[in-house]
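Working notes, structure below.
The values are calculated or read from the model by the stated rules, or taken from the named source; none is laboratory data. Every value quoted in this text rests on a predicted model; they were computed, and no experiment measured them. Neighbour counts are summed over all protein chains in view; Cβ atoms, including those assigned to glycine, are modelled from backbone coordinates with ideal geometry.
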Amino acid sequence: MRFVIELASRNVTSGTGGPFAAAVFEARTGRLVSVGVNLVVLTNCSLAHAELVALANAHHTVRHFDLGAAGIQEHELVTSSEPCAMCFGAIPWSGVRRVLCGARAGDAEAIGFDEGPKPRRWIAALEQRGITVVRDLCRREAVAVLQRYQQSGGIIYNASRTS
């Protein structure tokens, strides 16, 4: 988790994206498979969230669309903040068996990010699919990156909404 939080911090410091990072590891060995940082503003693409970038890179590295397929090591997604609605939707399709989170969605929302309409019982929904969720790992450090991003004037990139 500290590695992922450092990636998020570097993303803020270098001005290459938002205060979020993620990585995919082999669950049994801890081997790093891929990383992803938030690239929404840099790429002008609302889909370029850290989790999606890390998962896409992992699929490319593993050379399979299912990170939980038979004959492939089980994988886990480590993310500096709980997944938003979009990233939550991608997790079951990715094949990861475990999700480890730093900051909570409410921490990202506290600085102005819109995390979207995620199910209230999102953890139970993932666990019903055999995906373990662990929250609040190094939460204080992860929240500090979010707050530094906000204090430095980082762009809070929410889509426009109409009523």
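At a glance:
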{"item": "Odd one out for Gly116 among (1) small (Gly, Ala, Ser); (2) at pLDDT 95 or above; (3) out of contact with any Phe, Trp or Tyr (no Cβ under 6 Å at 6 or more places or on another chain)", "result": "(2)"}
{"item": "Options Ala108, Ala103, Ala70; residue that is small (Gly, Ala, Ser) and within 17 Å of Arg129 (Cβ to Cβ)", "result": "Ala70"}
{"item": "Members of the range 1-53 found to be aliphatic (A, V, I, L, M), in contact with a helix residue (DSSP H, G or I) (Cβ under 7 Å, 6 or more places away or on another chain) and assigned to a loop (DSSP other than H, G, I, E, B), listed by number", "result": "Leu39, Ala48"}
{"item": "Count of the range 126-163 residues which are without any contact (Cβ under 8 Å) to a residue 12 or more places away in the chain and among the small types (Gly, Ala, Ser)", "result": "4"}
{"item": "Selected residue [at pLDDT 95 or above, farther than 23 Å from Asn11 by Cβ, surrounded by 14 or more Cβ atoms within 10 Å (Cβ to Cβ) and not polar (S, T, N, Q)] from Val133, Val99", "result": "Val133"}
{"item": "Which numbered condition Ala56 fails, given (1) surrounded by fewer than 19 Cβ atoms within 10 Å (Cβ to Cβ); (2) touching a residue at least 40 places away in the same chain (Cβ under 8 Å); (3) assigned to a helix (DSSP H, G or I); (4) not hydroxyl-bearing (Ser, Thr, Tyr)", "result": "(2)"}
{"item": "Subset of the range 105-163 [of a type in the set (Lys, Arg) and either closer than 22 Å to Phe3 by Cβ or part of a helix (DSSP H, G or I) (or both)]", "result": "Arg135, Arg139, Arg140, Arg148"}
{"item": "Cross-chain or 6+ apart pairs with Cβ under 8 Å, the range 86-100 first and touching a residue at least 24 places away in the same chain (Cβ under 8 Å) and within 14 Å of Gln128 (Cα to Cα), then polar (S, T, N, Q) and buried (at least 22 other Cβ atoms within 10 Å of the Cβ)", "result": "Val99/Thr79"}
